[in-house]
1. Between E51, E13, E8, E36, which is farther than 16 Å from N337 by Cα and out of contact with any Lys or Arg (no Cβ under 8 Å at 6 or more places or on another chain)?
2. Of the residues E289, E358, E301, which single one is at pLDDT 95 or above and farther than 30 Å from L29 by Cα?
3. Checking V175 against (1) open to solvent by 10 Å² or more (accessible area, probe 1.4 Å); (2) more than 16 Å from A134 (Cα to Cα); (3) free of Cβ contacts under 8 Å to residues at least 60 places away in the same chain, which single condition isn't satisfied?
4. Which residue out of R109, R73 is assigned to a loop (DSSP other than H, G, I, E, B), within 21 Å of D329 (Cα to Cα) and touching an Asp or Glu at 6+ places or on another chain (Cβ under 8 Å)?
5. For V102, are the conditions met, namely being modelled with pLDDT of 95 or more, within 25 Å of the chain's Cα centre (by Cα), buried (at least 17 other Cβ atoms within 10 Å of the Cβ) and outside any helix (DSSP H, G or I)?
6. Please state which one of L155, L178 is modelled with pLDDT of 95 or more and within 30 Å of L360 (Cβ to Cβ).
7. Please name all residue pairs, on different chains or six or more residues apart, with Cβ atoms under 9 Å, provided the first residue is in region 256-279 and is within 19 Å of P299 (Cβ to Cβ) and free of Cβ contacts under 8 Å to residues at least 60 places away in the same chain and the second residue is crowded, with 16+ Cβ neighbours inside 10 Å and among the aromatic types (F, W, Y).
Amino acid sequence: MDVGIARERIEGEKRVAATPESVRQLVGLGLGAVVEAGAGAGAGFADSDYEAAGARIVSELDLAAVDLLAHVRPLEPLRASHLKPGAITVGLASPSTELLTVRALADARVTAFALELVPRISRAQSMDALTSQALVTGYRCVIEAAIRFPRFFPLYMTAAGTIPPARVLVLGAGVAGLQAIGTAKRLGARVSANDIRPASADEVASMGGTFIKLDLDSPEATAGAGGYARELTADRGAHQRQLLAPHVAEADVLITTAAVPGRRAPLLVTRDMVAAMRPGSVVVDMAAESGGNVEGSIPGEDVAVATLDGKGAVAVVGLKDAASAMAADASRLYAKNVANFIALMTSEGEAVPDFADEVLAGACLTYDGDVRHEPTAQALAALATATPGADAEDVGEVEGGAG
């Protein structure tokens with residue numbers, strides 16, 4: 001049974017779903033590995049390294065012949081439709097936004113596994129791609145901020161005077177937020193953080209940050225399933241921003257990492273809050289690609305916001321392809337997640353999913369023509385109802401395209 005690894009087609013994506021190391025793991029399971037030429041080039045992995053690990057290199061991957069396809073970004077609907085019935089896919093699928101692709105996978109009778117759906121249980125940690133990639137992204141947020149910040153991060157006491165440490169505020173204390181806290185702390189900044197989940201206070205403290213407690217709500221009302229945050233109501237969101245405003249104004253660097261799985265990123269910081277910061281301050285919005293935590297942030301761009309005192313501007317950085325910017329290590333982690341997931345369903349050189357396993361069942365997006373992930377199935381049904389008789393192009397316009 002062959003595992004196919006294709007070049008990623010999305011512009012700017014340099015990660016790859018398998019490394020020479022993970023290919024050795026797959027070959028050790030009795031699987032074959034077919035790698036499209038140049039698939040690992042952006043992450044620094046040469047075709048010859050894959051060959052040495054036991055893979056076969058092809059100029060172009062024949063999707064119709066692939067038994068199992070490993071990928072990073074969600075597939076395009078057309079590519080999904082070229083897969084043969086019974087083929088298996090493993091990768092990030094963004095099911096809430098890539099409904100056209102989900103429908104194409106189901107129509108092609110492909111067994112698709114979305115790594116976003118891997119249950120957050122202890123034995124699935126080695127397959128948790130969201131966590132591994134958030135680790136990379138959280139680190140990158142701080143590096144991007146440090147490049148743009150016109151001052152040092154650490155305290156310096158010199159014969160020419162004392163330079164105070166930068167004050168860094170991190171909003172959101174999930175994996176990416178905690179990594180950002182730890183990285184900023186290692187650079188010598190004075191770090192504080194907030195998360196709507198009160199249980200995050202101990203984790204923030206363990207990374208060397210100071211937790212900012214806001215009087216928002218009970219823990220039960222703000223903590224969601226799997227350790228994620230629950231989306232606040234409009235009124236509570238406005239109250240949160242009001243309470244955060246003075247803390248944002250005092251920060252030299254603001255990093256926002258808040259996300260609610262399957263939904264648009266919550267708005268945490270308004271343009272007026274940014275304008276109240278000091279000239280030269282930097283804001284990095286990690287969630288810019290999913291709607292943005294910061295009002296006016298644009299993915300892949302730096303936006304200058306004039307300060308209220310009229311003396312300068314604040315740089316608002318809309319992060320884009322952050323994990324891809326560190327493609328080598330991001331790919332090492334991601335490829336290991338993929339290989340471990342494939343290993344879970346492989347026996348004697350054949351990948352045969354056993355849906356009695358809660359990890360495989362939880363991560364299954366489509367199987368035998370059906371959409372197995374109920375929220376996605378409901379979204380597809382709602383879309384079909386809202387656009388009766390619409391063809392694929394019409395639906396793509398409603399959804400904003402297939403990505």
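1. E51
2. Residue meeting the stated conditions: E301.
3. Answer for V175: the failing condition is (2).
4. Selected residue: R73, the only one of R109, R73 that is assigned to a loop (DSSP other than H, G, I, E, B), within 21 Å of D329 (Cα to Cα) and touching an Asp or Glu at 6+ places or on another chain (Cβ under 8 Å).
5. no
6. Answer to the selection: L178.
7. V260/Y228
Rundown of residues vs (1) closer than 25 Å to M326 by Cβ; (2) at pLDDT 95 or above; (3) surrounded by fewer than 17 Cβ atoms within 10 Å (Cβ to Cβ), yes/no style:
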site	(1), (2), (3)
Q133	yes, yes, no
G138	yes, yes, no
C141	yes, yes, no
V191	yes, yes, no
N194	no, yes, no
A205	no, yes, yes
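The values are calculated or read from the model by the stated rules, or taken from the named source; none is laboratory data. The shown structure was predicted, so the numbers you read here are calculated from the model rather than taken from an experiment. No Cβ is skipped: glycine too gets one built from the backbone with ideal geometry, and neighbour counts run over all protein chains shown. Each accessible area value is taken on the protein alone, full model and side chains, heavy atoms only, with ligands, DNA and RNA left out. Shrake-Rupley method; radii C 1.70, N 1.55, O 1.52, S 1.80 Å.
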